[in-house]
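Only one structure is covered here, and it is reproduced in the block below.
The values are calculated or read from the model by the stated rules, or taken from the named source; none is laboratory data. If you're wondering where the values come from, they're calculated on a predicted model, not measured in any experiment. Positions of Cβ are backbone-derived with ideal geometry, glycine not excepted, and every protein chain shown enters the neighbour counts.
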């Protein structure tokens, strides 16, 4: 019988965090993660996408958590070759850091946890980075599709699940110039803006969905002149 399930959750998180930090030092990623902010420099080009924060359980807490997370990312600079890390920017999503309880998916089930709602923030940043051709280094999809079509804030397949110490969102600036990330919440709208020193031509990203028995298979494609390039293929359990 494994002893893993008897370990305290805080100890598991500590071990995962230590393992990740060790790996970052071993691979040299630790010195590439962007952390500097700049709100005054001029970036001639700007690209943005917007999502509605849908009402539901814990709605005010969800707005609070997303707003707090968005403030942590605001005006983050990525120099050429630097890496964005969602959790490096936000820190631990607990009460001590000002986060509140809201709906979350935990171990494949809908529950509540501190920082609930931050996955929407991670998702909009991921989708925008994907559209603008950033190198996606780490991204996880949700195990469960909990939404009806009218309730989705982003296309199925454009989501990013984040769990502190376990699942991060990371991507690299592949360009020869700096970029700036901005995220903000206003009137129940979440906006992600990426400012650039030179022009970027957004990619055409689209999704194909296949209904299976109790699951949904989603393929993510990038449309090119030669046709369509498959970027990922993932499966979601259907909430019944």
Legend entry - Check on residue 210, in contact (Cβ under 8 Å) with a residue 12 or more places away in the chain and either touching a strand residue (DSSP E or B) at 6+ places or on another chain (Cβ under 7 Å) or buried (at least 18 other Cβ atoms within 10 Å of the Cβ) (or both): no
Legend entry - Residue satisfying condition, being at pLDDT 95 or above, under 14 Å from the mean Cα position of the chain (by Cα) and part of a strand (DSSP E or B), within set 190, 121: 190
Inset, instruction - Any residue in the stretch 13-31 that's in contact (Cβ under 8 Å) with a residue 24 or more places away in the chain: show its pairings with residues that are assigned to a helix (DSSP H, G or I) at Cβ separation under 8 Å, as long as the two are six or more apart or on different chains. - result: 29/23
Inset, instruction - Report, by residue number, each residue of the stretch 11-34 that is exposed (fewer than 11 other Cβ atoms within 10 Å of the Cβ) and assigned to a loop (DSSP other than H, G, I, E, B). - result: 28
Inset, instruction - Would you check which residues across the stretch 39-64 are within 28 Å of residue 94 (Cβ to Cβ), assigned to a loop (DSSP other than H, G, I, E, B) and in contact with a strand residue (DSSP E or B) (Cβ under 9 Å, 6 or more places away or on another chain) and list them? - result: 39, 53, 56, 57, 58
Inset, instruction - Working only within the stretch 163-184, note down all residues that are surrounded by 18 or more Cβ atoms within 10 Å (Cβ to Cβ) and assigned to a loop (DSSP other than H, G, I, E, B). - result: 164, 168, 169, 173, 175, 178
Legend entry - Members of the stretch 202-233 found to be modelled with pLDDT under 95 and assigned to a loop (DSSP other than H, G, I, E, B), listed by number: 213, 214, 225, 226
